[in-house]
Structure formats: structure tokens, C-alpha cells
Amino acid sequence: MTSADARAEIRGYHAVLAAAKNTTRYSSDLQGDRDVRDYKQIPLELDAPDHTAFRNAVQPLFMADAIAPKMPRFQALAAQLIADIDARGGGDITTDLALPYVIGCLTIVYERPQDYDEWLSWGPDVWLADAYAAGEVTPESQRAHRERRFDVESQRSGDALHGYLARVFDDAEARALAGEPERDVWDTIARLVVNDRTLTRDEMFGIASVLLAGGRDTVIKLITGLVWHLVKEPADREYLTGNPDAVARTIAELGRFLSPLAKMERIERGPDGEALDYVILNYASANHDAEAWGDPEVIDIHRERKPNAAFGMGRHSCMGKAIAEHETRAFLSVLLRDWPDWVFSREPEIEWVIDGEGDDAIRIIDRFTSVPVRRATASA
Ligand code: HEM
């Protein structure tokens with residue numbers, strides 16, 4: 001196979017949709033993040049029939065029915081974090097609000113309140129935890145992640161996540177052997193039975209790795225982008241306050257515009273099933289395809305609803321969508337109810353990138369470096 005930076009991309013709404021559905025030609029049977037892990041993320045990096053077996057086994061963790069009762073705890077957390085920023089006279093939406101909110105929600109979803117400080121210390125991206133702790137994450141490292149380029153030099157490392165997972169699964173397996181009751185998500189995974197057997201340690205890591213890595217920087221970007229947009233566009237904020245039915249459509253539109261998981265890898269297979277090469281499914285390009293979306297670079301919360309590619313398409317579409325949507329809805333309900341009269345205290349720092357070339361090029365947000373706000377009525 002060729003090196004990662006020579007890979008072909010499948011771009012545009014219809015081509016991406018067709019490729020995502022053609023799982024025979026575009027296989028997920030690969031191992032991503034090759035610079036930082038040596039096991040597959042599950043069920044993400046499996047093809048049927050194993051994909052179906054594992055997806056069914058972990059499905060209960062993601063059911064909307066299991067997440068909905070946690071909404072009041074998400075809302076209490078949002079209210080606390082918003083009040084904290086106000087009490088300090090202002091703050092940064094990425095680091096003071098979206099990051100602690102998403103980490104707090106994950107501790108609620110997985111019933112692991114004791115892990116809050118450790119998970120927070122990793123920052124938005126678990127693979128950059130060490131660089132984050134040292135206060136020196138470079139934009140190149142973040143770009144390597146977005147571009148799915150694993151053969152370039154970056155600050156990425158799996159040490160923080162894998163050290164943590166070794167500890168919690170040692171504990172969970174000991175608890176299972178001792179016949180202790182299930183307490184949290186790691187107990188559940190350590191006791192899963194798939195294809196009539198319990199899981200190997202690599203399989204446990206594979207599931208846990210998606211749970212901790214997949215549901216983190218993506219939701220942080222969605223929530224940061226939402227607040228950035230609502231501070232910038234008071235008319236949309238007022239409309240949403242008076243029309244709570246429009247919240248789902250707004251979250252979908254922000255998901256389209258931001259495309260927090262912009263690209264995923266596949267292996268293209270030939271007619272006899274032989275592996276040809278890595279290819280990239282460019283979900284961001286599907287979401288910014290001018291033929292599918294009029295004015296794709298405009299955030300239009302009144303846009304007519306149709307399926308976008310923010311959460312993927314086809315068999316591997318995001319299992320965490322209900323978690324992400326509940327977290328975002330809970331957050332938005334508190335923000336709009338308590339709207340803290342925020343304005344930008346300085347111009348937000350946003351890294352935009354041009355993705356693609358020529359007529360095909362799209363302009364997207366790579367990351368929010370800082371979105372500083374303060375109360376309009378504050379004396380600062
Ligand atoms: C805004 C937030 C999120 C976005 C934009 C997002 C995006 C995506 C996308 C595009 C895929 C498809 C990958 C592919 O085609 O290969 C995916 C899959 C997946 N996501 Fe998410 N995700 C988000 C949040 C979450 C959360 C919160 C979790 C769990 C806590 C999660 C867990 C998963 C899992 C397990 C899969 C694999 C599904 C499969 O292969 O069958 N995601 N996500």
C-alpha cells in the first residue's frame with residue numbers, strides 16, 4: 001500500500017454516500033491511528049459479520065432510552081459551568097465550557113465520576129494528552145489527526161489512554177471473577193459475550209478506545225461551534241428561544257457545517273476481495289457539496305432538513321449520535337434559558353483550512369483555538 005499522504009479521497013455528497021454503503025468494495029477492516037495503537041477500534045474497524053455481532057453487543061450502551069434519564073444531570077452540569085464563567089467575569093468557550101462539559105457528561109454516561117480529573121487532564125484529544133498536559137499542542141499534530149495521516153511526525157501518543165485502560169480493565173476483570181455486581185461501563189465491557197465467548201484484552205481496548213476517543217473532540221467542537229454561532233447571531237438565538245422545536249434542526253445544521261469527524265479511512269478492495277489501497281471518505285466534502293446544499297458555507301438554521309454526513313452514512317454510521325445529541329440538547333436548553341448576555345471579549349481565534357483543490361475546494365473550520373466571552377453588561 002502507498003503512504004498515507006498519497007491516498008485518494010472520495011468527495012462530494014453522492015459519491016461519499018454510495019461509497020459508505022458499498023462496504024464490500026470499501027472495507028472498514030483496517031487498523032487506524034497506526035502511530036499510537038496496535039489494536040482495532042470496535043466496531044468501527046470491522047466488516048460484517050463481526051461488525052454486526054459487536055455492534056449488536058455494545059448497542060445497549062448507546063440507546064437513547066438509556067441516555068434520556070441522564071439529561072437532568074447534563075443540565076445541572078451545564079448550569080454550573082455557565083455560572084462559573086459568569087462568576088469569573090468571562091472565560092473561554094473551548095477550555096472553560098465545552099471541554100469540562102463533555103468530559104463531565106462522559107463520566108455521567110459511563111458512571112465513572114471518579115475519573116473526571118484524569119480525563120479532563122487529557123484535553124480534547126486523548127492521543128495528544130501528554131502534549132496537552134505540557135501546554136504545547138501544535139496545530140500540525142491536530143491537523144494530522146483530522147487528515148487521518150498516521151505516518152507523519154506528530155506529538156501523538158497512546159500512553160495516557162492505554163495506561164488508564166490497563167488499570168480499569170484489571171480492576172473490572174477482578175470484579176467479574178469475584179462475582180461483584182456491574183458498576184460501570186468497564187464492568188459491562190469486561191463481561192460482554194460476543195460470538196459465544198468473552199472478549200480479549202485487545203477487544204476491550206478496542207471498544208473503550210472509541211468510547212473515550214470518539215465521543216470527545218467531536219462533541220467539544222460541536223458545542224463550541226454552537227455557542228460561537230449563537231453569540232455571533234442574536235437573531236438565531238432569539239428564534240431558537242421562541243421555537244424550541246427548531247433545536248434538533250439547528251444541531252443537525254451545525255453538525256453539517258462543522259463536520260467534526262471530517263474524514264474516515266477505508267481499504268478499497270478489488271473484484272476478488274484483494275486489498276488495493278487506503279482511501280479516504282471525505283464526510284466534510286459531502287456536507288459542503290454546493291450541489292447538495294445551497295450556500296454550504298452559510299450556517300442556516302432554517303435550512304430544509306435532509307440527511308447529512310456529520311455522523312457518517314450507512315452501516316458504520318455513528319453509534320454515539322444519541323449521546324452527542326442529548327448532551328448538546330441539554331446544554332442548549334440551559335444556555336437559552338439562562339442566556340448570560342455573552343459577547344466576544346476579543347475576536348475568536350479560529351483555524352480555517354481549504355480542503356481539496358480547484359473547483360472541488362471547500363473552506364472549513366479545522367479547530368476553535370479560543371472563543372473568549374464576557375457578559376455585555378460586565379464592567380470588564
Ligand atoms: C458530534 C459528535 C460526533 C460525531 C460528529 C461523530 C461522527 C462519527 C462518524 C462520521 C462515524 C462513522 C465512521 C465511519 O464511517 O467509519 C462515527 C462512528 C462511530 N461513533 Fe461517532 N461521532 C460523534 C460522537 C460520538 C460519541 C459521543 C460516541 C460514543 C460515546 C461515538 C461513538 C461512535 C462509534 C462507536 C462509532 C462506530 C460505529 C460503527 O462502526 O458501527 N461517536 N461517528
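Each reported figure results from applying straightforward, stated rules to the coordinates on display, with no laboratory input. Here the structure is a predicted model, which means the values were calculated and not measured. Positions of Cβ are backbone-derived with ideal geometry, glycine not excepted, and every protein chain shown enters the neighbour counts.
Structure summary
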quantity: Extension gain (nm, one decimal) between V193 and D151, 0.36 nm per residue minus Cα-Cα; calculated: 11.6 nm
quantity: Additional length obtainable on full extension of the chain from R201 to A53, 0.36 nm per residue less Cα span; calculated: 51.5 nm
quantity: Cα-only Debye scattering, segment 110-240: base-10 log of I(q)/I(0) at q = 0.12, 0.21 Å⁻¹; calculated: -0.62, -1.22
quantity: Projected label distance in nm at A166 and A376, using a 7 Å step from Cα toward the beta-carbon; calculated: 5.4
quantity: Low-density loop cleavage sites - GluC sites (Glu not before Pro) in segment 110-156, where at most 16 other Cβ are within 10 Å (DSSP); calculated: E111, E136, E153
quantity: Segment 1-150 - convex hull of the alpha-carbon atoms, volume per residue in Å³; calculated: 180
quantity: Spatial separation of Cα centroids for segment 182-209 and segment 307-353, in angstrom; calculated: 29
quantity: Residue-averaged 222 nm ellipticity for the chain, from DSSP H runs of 4+ at -39500 (n - 2.57), nearest 500; calculated: -12500 deg cm²/dmol
quantity: Charge dipole magnitude, Cβ of K and R +1, D and E -1 - segment 4-375, Cα centre, debye nearest 20; calculated: 900
quantity: Convex hull (Cα only) mean projected area of segment 232-296, reported in nm² to one decimal; calculated: 6.6
quantity: Within the chain, longest stretch free of exposed trypsin sites (Lys or Arg not before Pro) [DSSP loop, at most 15 other beta carbons within 10 Å]; calculated: 192-304
quantity: Kirkwood Rh and Cα Rg combined as Rg/Rh, segment 330-380; calculated: 1.18
quantity: Distance between modelled label sites at L177 and D277, nm, 7 Å Cα→Cβ extension; calculated: 4.9
quantity: Euclidean distance between Cα centres, segment 73-101 to segment 262-299, Å; calculated: 35
quantity: Spatially close lysines, pair count over segment 4-375: Cα under 22 Å, gap of eight or more or interchain; calculated: 15
quantity: Computed Kirkwood radius, in angstrom, where 1/r is averaged over Cα pairs of the chain; calculated: 21.7
quantity: Modelled FRET efficiency - R0 22 Å, A246 with M71, Cβ distances, 0.05 increments; calculated: 0.75
quantity: Gained length - D359 relative to D341, 0.36 nm times residue gap less alpha-carbon distance; calculated: 2.4 nm
quantity: The chain - share of DSSP beta bridges that are antiparallel (%, nearest 5); calculated: 90
quantity: Förster radius 35 Å - calculated FRET efficiency between Q31 and E233, Cβ distance, rounded to 0.05; calculated: 0.25
quantity: Value of D in µm² per second that Stokes-Einstein yields for segment 185-323, Kirkwood Rh from Cα pairs, at 25 °C (0.890 mPa s); calculated: 139
quantity: Spatial separation of Cα centroids for segment 30-71 and segment 113-167, in angstrom; calculated: 20
